[in-house]
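Accompanying notes for the structure given below.
The values are calculated or read from the model by the stated rules, or taken from the named source; none is laboratory data. Predicted model, so just to flag it, every value in this text is computed and none were measured. Here the Cβ positions follow ideal geometry from the backbone for every residue, glycine too, while neighbour counts run over all protein chains shown.
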Amino acid sequence: MAGVPLTDDYPTRRVPAVTYLLVAANVLVYLLSPLSSIARWYGEGHARICAVEEYVARWAAVPTELLSGFSLSEAVTISGSCAIAPFDKSPVISAFSAMFLHGSPLHLLGNMVFLFVFGPFVEDRLGRSRYLFGYLAFGLVATYGYALTSPASAVPLVGASGAISGVLGAYLVLQPGSRVTTLIFGFIPFRLPAWVSIGSWFIGQYIWLVSQWMMPAAAQESDVAYAAHVYGFLAGVAGGFLQRRLGRSRRLVALRG
C-alpha cells in the first residue's frame with residue numbers, strides 16, 4: 001500500500017464483532033503455535049525446529065496438495081533431520097487453516113492492522129454472516145489462485161493476506177471515497193482517498209507479481225505470495241459489486257412495495 005493504514009473516516013453502525021473475532025483468532029493461533037517464542041511447551045533448539053516443520057506441514061496450504069487432493073505427509077517424514085511420524089491431512093481443510101497461520105510477529109501484525117482498519121466497514125455493509133462467508137471465500141480464491149500459478153510448488157503457503165486482500169477489494173468498490181489516515185514512509189500521516197490508498201497497494205502487488213513471472217529465479221527467493229494477494233483482491237472486488245447489485249435490488253423492492 002502507499003503506507004500503513006491507521007484508520008478510516010467511516011463510522012460503523014454497530015460493533016464489528018466478526019472482525020474482532022477474526023483478529024483474536026489469528027493472534028491466538030499464532031501464540032499457541034511453535035512459531036511463537038512464548039509457546040515453551042514445544043521445546044527449544046532442534047526440538048522446536050522439528051515442531052515448526054511438522055506444524056507447518058500439517059496445517060499450511062501446499063499448491064501440489066491442493067491441486068492433486070493428496071497429502072505429501074510421507075515426503076515430510078524423510079525431509080531434513082526431523083523424525084516426523086506420518087499424519088493424515090486434508091488439503092481442502094489446509095486451505096482454511098492456512099489463513100490463520102503466520103510466520104512471524106511482524107507478518108501477523110501487518111495483516112491484522114489492515115484487517116482492523118478495513119474490516120469493520122465491509123462487515124457493516126455486508127452483514128456479519130455474509131462478511132464471514134466472504135472473508136473465507138476470498139481466502140480460498142487467493143489460495144487456489146496461487147496454487148494454479150505455482151502448480152508444482154511444495155512450498156507451504158501461510159497467512160491471512162489473501163483473505164484480507166479480498167476485504168480491501170470489497171472496500172474499494174463499496175466506499176472508494178472514504179479518507180484513510182495512512183503513514184507514509186512509516187512516520188508521516190496523510191489522509192488519502194481509499195481509492196488512492198488501496199489502489200496504489202494493488203498496483204504494487206500486481207507489479208511485483210509480474211516481475212516474479214518475468215524473473216522466476218527471483219520468485220523462488222521471495223517469501224511473499226503476490227499471486228494470492230492479487231487473486232484475493234479481485235475476488236473481493238467481485239464480491240463488492242455483487243453487494244452493490246443486491247443493495248440496489250432491495251431498494252427497488254422497497255420502492256415498489
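Cβ-Cβ distances below 9 Å connect the following pairs, each with a first residue in region 157-174 that is closer than 12 Å to L126 by Cβ, a second residue that is assigned to a loop (DSSP other than H, G, I, E, B), and a separation of six or more residues or different chains: Y171/S178.
When residues of region 36-67 are filtered for being under 19 Å from M99 (Cα atoms) and of a type outside the set (F, W, Y), how many remain? Walk me through it before giving the result.
Within region 36-67, the first condition is being under 19 Å from M99 (Cα atoms), and the residues that meet it are 36, 52-67.
Going one step further and asking which of them are of a type outside the set (F, W, Y), we end up with 36, 52-54, 56-58, 60-67.
Counting residues in region 36-67 that are under 19 Å from M99 (Cα atoms) and of a type outside the set (F, W, Y) gives 15.
The residues in region 156-183 that are buried (at least 24 other Cβ atoms within 10 Å of the Cβ) and closer than 27 Å to L35 by Cβ can be counted, and the count is 11.
Screening the candidates V18, V62, V56, V23 for the property of being in contact (Cβ under 8 Å) with a residue 40 or more places away in the chain, closer than 25 Å to A152 by Cα, in contact with a Gly (Cβ under 9 Å, 6 or more places away or on another chain) and surrounded by 15 or more Cβ atoms within 10 Å (Cβ to Cβ) yields one hit, V56. Each residue in region 78-107 was checked for being farther than 17 Å from G232 by Cβ and in a helix (DSSP H, G or I), and 5 of them qualify.
Residue count for region 116-155 under the criterion of being under 29 Å from W213 (Cα atoms), surrounded by 22 or more Cβ atoms within 10 Å (Cβ to Cβ) and of a type in the set (F, W, Y): the result is 3. Just to be sure before I move on: is I207 over 17 Å from the mean Cα position of the chain (by Cα) and free of Cβ contacts under 8 Å to residues at least 24 places away in the same chain in the structure I sent? When the stated conditions are applied, I207 passes them.
Of all residues in region 184-236 being within 27 Å of P156 (Cβ to Cβ), at pLDDT 90 or above and of a type in the set (V, I, T), which is surrounded by the fewest Cβ atoms within 10 Å (Cβ to Cβ)? Talk me through it step by step, then tell me what you get.
So in region 184-236, the residues within 27 Å of P156 (Cβ to Cβ) come out as 201-202, 204-236.
Of the ones still in play, those that are also at pLDDT 90 or above are 201-202, 204-207, 226-236.
Next, from what is left, pick out any that are of a type in the set (V, I, T): 207, 230.
Values: I207: 11, V230: 23.
So, considering only residues that are within 27 Å of P156 (Cβ to Cβ), at pLDDT 90 or above and of a type in the set (V, I, T), the one surrounded by the fewest Cβ atoms within 10 Å (Cβ to Cβ) is I207.
Can you say whether L35 is in a loop (DSSP other than H, G, I, E, B), in contact (Cβ under 8 Å) with a residue 12 or more places away in the chain and not hydroxyl-bearing (S, T, Y), as far as the supplied structure shows? Before you say what the answer is, go through the steps one by one.
Numbers: in a loop (DSSP other than H, G, I, E, B): yes; in contact (Cβ under 8 Å) with a residue 12 or more places away in the chain: yes; not hydroxyl-bearing (S, T, Y): yes.
Against the criterion (in a loop (DSSP other than H, G, I, E, B), in contact (Cβ under 8 Å) with a residue 12 or more places away in the chain and not hydroxyl-bearing (S, T, Y)), L35 qualifies.
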